[in-house]
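Okay, structure first, notes after.
The values are calculated or read from the model by the stated rules, or taken from the named source; none is laboratory data. Computed from a prediction, not measured in an experiment: that's the story for all the values here. Backbone-built Cβ (ideal geometry, glycine too); neighbour counts: all protein chains shown. Surface areas here come from the heavy atoms of the whole protein model, side chains and all, with no ligands, DNA or RNA. Shrake-Rupley method; radii C 1.70, N 1.55, O 1.52, S 1.80 Å.
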Amino acid sequence: MALLPILEFPDPRLRTKAVPVDPARVTEPAFQTLLDDMFETMYEAPGIGLAASQVDVHQRFMVIDISEEKNDPRVFINPEIVDRAGDQVYQEGCLSVPGIYADVTRSNEITVRFVDRRGQAQELRADGLLAVCIQHEMDHLDGKLFVDYLSPLKREMVRKKLAKQRRQAAA
Ligand code: QAP
Ligand code: CO
């Protein structure tokens, strides 16, 4: 197991559009180890979701665990939203944008098709926080960040705040 470095905004690599995972590769040891390393990295942060894009792997998958007890690990490979209903507003954060939180409007209820870590096709109806988290992580796979929903001025303020945080951490 290993902790993976997380890319941070405004790193241009976070803008990469991820390519689909070959489902035949999912059960290979190298891919399974990568999943375990992503869970370890997410739990250590601590976070509730981590997309492969955030650890500089530009393939379409992510890990999520929204449980309090950190005992409900979920893997979504090649996720696709096939149905959505309603809207909800949630104050989001992101491991790639540390210390920044902002309200984002997303679908309240989604149906997502994906491949699980055993390589099996699945369909899941999700709402509430899980639905928010799936949509947030899927945005990463398309090179999109939650701060992209803010005005350009607010996004610029976020960039400056992160640069200042980094300067102070280095000093
Ligand atoms: C995405 O985000 C998410 O700023 C996952 O200093 C967020 O795990 C989905 C984190 C909200 C739904 C709702 C953020 C940790 C973790 C920080 C995360 C920080 C330390 C964010
Ligand atoms: Co994120």
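To the nearest 20 debye, what charge dipole does the chain have about its Cα centre, counting +1 at the Cβ of each Lys and Arg and -1 at the Cβ of each Asp and Glu? Result for the chain is approximately 820 debye, rounded to the nearest 20. Of the listed residues GLU123, GLU8, the order by accessible area with a 1.4 Å probe, largest first, is GLU123, GLU8. With viscosity 0.692 mPa s and temperature 37 °C, the Kirkwood radius over alpha carbon pairs of region 88-171 converts through Stokes-Einstein to a diffusion coefficient of 225 µm²/s.
Can you give the Kirkwood hydrodynamic radius of region 21-85 from its Cα pairs, in Å with one decimal?
Computed over Cα pairs of region 21-85, the Kirkwood hydrodynamic radius comes out at 12.5 Å.
I'd like the FRET efficiency for GLN165 and GLN32, computed as 1/(1 + (r/R0)^6) with the beta carbon distance as r and R0 of 45 Å, rounded to 0.05. Write out the running numbers ahead of the final one.
Details: r = 34 Å, r/R0 = 0.77.
That pair, GLN165 with GLN32, gives E of 0.85.
Listed by chain and number, the aspartates and glutamates whose C-alpha is less than 14 Å from the C-alpha of LYS70, apart from same-chain residues fewer than 8 away, are ASP36, GLU40, GLU44. Quick note on the chain: its Rg to Rh ratio, both from C-alpha atoms and Rh being the Kirkwood radius, is 0.96. Dividing the radius of gyration of the alpha carbons in region 61-117 by their Kirkwood radius gives 1.00 for Rg/Rh. The residues of the chain present an accessible area of 52 Å² per residue when probed at 1.4 Å with all protein chains retained. Ligands, DNA and RNA excluded, the heavy atoms of LYS144 present near 70 Å² of accessible surface to a 1.4 Å solvent probe. Only protein atoms count toward the accessible area here, which uses a 1.4 Å probe; on region 32-99, the carbon and sulfur part of that area reaches 43 percent. Only DSSP H runs of four or more residues enter the estimate; each adds -39500 (n - 2.57), and after division by the residues of the chain the mean residue ellipticity at 222 nm equals -9500 deg cm²/dmol. Once the dipole of the chain is set up with Lys and Arg at +1 and Asp and Glu at -1 on Cβ about the Cα centre, which of PRO152, VAL63, PHE76 lies farthest towards its positive end? Comparing the listed Cα positions along the dipole, PRO152 ranks first.
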